[in-house]
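J.: Have a look at this one before I ask anything.
The values are calculated or read from the model by the stated rules, or taken from the named source; none is laboratory data. Given the structure is predicted, the values throughout are model-derived calculations rather than measurements. We place every Cβ from the backbone using ideal geometry, glycine too, and count neighbours over all the protein chains shown. What goes into the accessible areas is simple: the full protein's heavy atoms, side chains included, and nothing from ligands, DNA or RNA. Shrake-Rupley method; radii C 1.70, N 1.55, O 1.52, S 1.80 Å.
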Amino acid sequence: MEYNALGKTGLKLSKLSYGASPLGGVFRNISEQDGIKTVHTALDLGINHIDVSPYYGLTVAETVLGKALKTVPRDKYILSTKAGRYGSDFADFDFSAKRIRKSLDESLSRLQVDGVDILYLHDIEFGNLQQVFDESIPCLMDLKKEGKVRYIGVTGYPIKIFAETIKQFDIDCILTYCRYALHDTALETLIPELDIKGVGIINASPTAMGVLTSRGAPEWHPAHKDMLAAGAKAVEYCKQKGIDITQVALQFAIDHPSITSTLVGTANPANIEKNVKWAQSKADPELIATLRGFFDGIPNTWPSGHAKY
Ligand code: NAD
């Protein structure tokens, strides 16, 4: 496993990281036992960074992850969780300083740890950006000063929100999803600025939240139907050639020198084994070009949060 520096933090994250949202049953109902085994397999295979949120499975993912981590020495993993998002409606977001502090305490209790390494504000485009800048990020900075979290960041989908955030604040890292994968590489437009400022880049959802897997997208997937259809065609194309599209999707997403780490979610230990193995080699560039071609000229992005962002 390769390890990369996370911006200026001094942390070294495995190139491939573990996203714990599937532990909350986000993609399918899972067995808790398999979920726990998946976490242990990931750590055994050299993955040292795990991401979660109180939103995943509405606290279930954090609870299951806590059970998995209970038997693991704390210095064996770098843990991130988030605050501010507690559901899918606008009313389920709360970026007030009071809620962020309470949220962190609740997360620590569910995760059964004394502290997290990184605390993010979760999907800030759903909040009032003025409040995020005036109250929420300053709250994260206070938590960092107080030693309650080591590093801070924001997550979200629209690229613009990150540009605006790093213009105003010296944050440690960002977590973006579905913006550097076979269907869309818009993250590239932001990378030079992130590199100049030394902001760590966590890239999530290399399979575009299931689109680039043989199981396909979950029913709640926000993409346009044309993008889902293009994804299904790409999956079928690979299947005909005896190739697992997830392998190509993963190898494409992790192969960017500025991306610190790519988060992949699964609750299946066998998938983690495959992912770690796949991360050790590169995909055929011609195949990548062909698969990317399936998404040419189709709406490959979707609205998220307040449209003006
Ligand atoms: P993903 O692209 O990692 O896809 C997950 C899906 O891929 C699951 O259905 C899983 O079963 C499947 N999969 C994984 N490995 C596979 C394999 N080898 N073969 C077949 N299928 C495989 O999407 P994700 O889980 O949404 O993203 C990863 C993580 O990133 C999340 O768990 C979360 O931690 C983080 N994330 C954060 C945000 C945010 O902060 N806003 C958004 C999205 C994701």
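J.: Considering only residues that are open to solvent by 60 Å² or more (accessible area, probe 1.4 Å) and in a loop (DSSP other than H, G, I, E, B), look in segment 287-300 and name the one that is nearest to Gln251 (Cα to Cα).
T.: Asp296
J.: Lys277 is checked against (1) within 11 Å of the ligand (Cβ to nearest atom); (2) open to solvent by less than 50 Å² (accessible area, probe 1.4 Å); (3) modelled with pLDDT of 95 or more and fails just one. What number does that condition carry?
T.: Checking Lys277 against (1) within 11 Å of the ligand (Cβ to nearest atom); (2) open to solvent by less than 50 Å² (accessible area, probe 1.4 Å); (3) modelled with pLDDT of 95 or more, the one that fails is (2).
J.: So, one more: If you scan segment 185-217, which residues turn out to be in contact (Cβ under 8 Å) with a residue 12 or more places away in the chain and hydroxyl-bearing (Ser, Thr, Tyr)?
T.: Residues satisfying the conditions are Thr189, Ser205, Thr207, Thr213, Ser214.
J.: Further, regarding this structure: Can you pull out every residue in segment 88-113 that is in a loop (DSSP other than H, G, I, E, B) and at pLDDT 95 or above?
T.: If the condition is that a residue be in a loop (DSSP other than H, G, I, E, B) and at pLDDT 95 or above, then Asp94, Phe95, Ser96, Gln112, Val113 are the ones that fit.
J.: What is the one condition in (1) open to solvent by 10 Å² or more (accessible area, probe 1.4 Å); (2) more than 10 Å from the ligand (Cβ to nearest atom) that Ala42 does not satisfy?
T.: (1)
J.: Select from segment 263-286 the residues that are touching a residue at least 40 places away in the same chain (Cβ under 8 Å) and in a helix (DSSP H, G or I) and list them in ascending order.
T.: Those that are touching a residue at least 40 places away in the same chain (Cβ under 8 Å) and in a helix (DSSP H, G or I): Pro269, Asn271, Ile272, Glu273, Asn275, Val276.
Conditions tested, residue by residue: (1) closer than 19 Å to Lys274 by Cβ; (2) open to solvent by 50 Å² or more (accessible area, probe 1.4 Å); (3) near the ligand (Cβ under 10 Å from one of its atoms).
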| site | (1), (2), (3) |
| --- | --- |
| Ala223 | no, no, no |
| Gly231 | no, no, no |
| Lys239 | yes, yes, no |
| Gly242 | yes, yes, no |
| Ile245 | yes, no, yes |
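J.: Next question, about the same structure. Across segment 42-79, what is the total count of residues that are assigned to a helix (DSSP H, G or I) and either more than 19 Å from the chain's Cα centre (by Cα) or among the aliphatic types (A, V, I, L, M) (or both)?
T.: Result for segment 42-79: 13.
J.: Only one of Ala181, Ala163 is in contact with a helix residue (DSSP H, G or I) (Cβ under 7 Å, 6 or more places away or on another chain), open to solvent by less than 40 Å² (accessible area, probe 1.4 Å) and either under 19 Å from Ala5 (Cα atoms) or within 12 Å of the ligand (Cβ to nearest atom) (or both); which?
T.: Ala181
J.: Within segment 162-174, can one find any residue that is closer than 24 Å to Gln251 by Cβ, touching a strand residue (DSSP E or B) at 6+ places or on another chain (Cβ under 7 Å) and modelled with pLDDT of 95 or more?
T.: Looking for residues that are closer than 24 Å to Gln251 by Cβ, touching a strand residue (DSSP E or B) at 6+ places or on another chain (Cβ under 7 Å) and modelled with pLDDT of 95 or more, one finds at least one in segment 162-174, hence yes.
Conditions (1) over 18 Å from Arg179 (Cα atoms); (2) in contact with a Ser or Thr (Cβ under 6 Å, 6 or more places away or on another chain), marked per residue:
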| site | (1), (2) |
| --- | --- |
| Lys197 | yes, no |
| Val211 | no, no |
| His221 | no, no |
| Pro257 | no, no |
| Pro269 | yes, yes |
| Lys277 | yes, no |
| Phe295 | no, no |
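J.: Collect the residues in segment 9-24 that are more than 10 Å from the ligand (Cβ to nearest atom), open to solvent by 10 Å² or more (accessible area, probe 1.4 Å) and in contact (Cβ under 8 Å) with a residue 60 or more places away in the chain, keeping them in residue-number order.
T.: Residues satisfying the conditions are Thr9, Leu11, Lys15.
Residues are listed down the side, and each one gets a yes or a no for (1) acidic (Asp, Glu); (2) over 19 Å from the mean Cα position of the chain (by Cα):
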{"residue": "Asp134", "(1), (2)": "yes, yes"}
{"residue": "Cys139", "(1), (2)": "no, yes"}
{"residue": "Ala163", "(1), (2)": "no, no"}
{"residue": "Cys173", "(1), (2)": "no, no"}
{"residue": "Tyr177", "(1), (2)": "no, no"}
{"residue": "Ala186", "(1), (2)": "no, no"}
{"residue": "Arg215", "(1), (2)": "no, yes"}
{"residue": "Ala230", "(1), (2)": "no, yes"}
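J.: Mind checking which residues of segment 253-274 are open to solvent by less than 70 Å² (accessible area, probe 1.4 Å) and basic (Lys, Arg)?
T.: Hits for segment 253-274: nothing passes.
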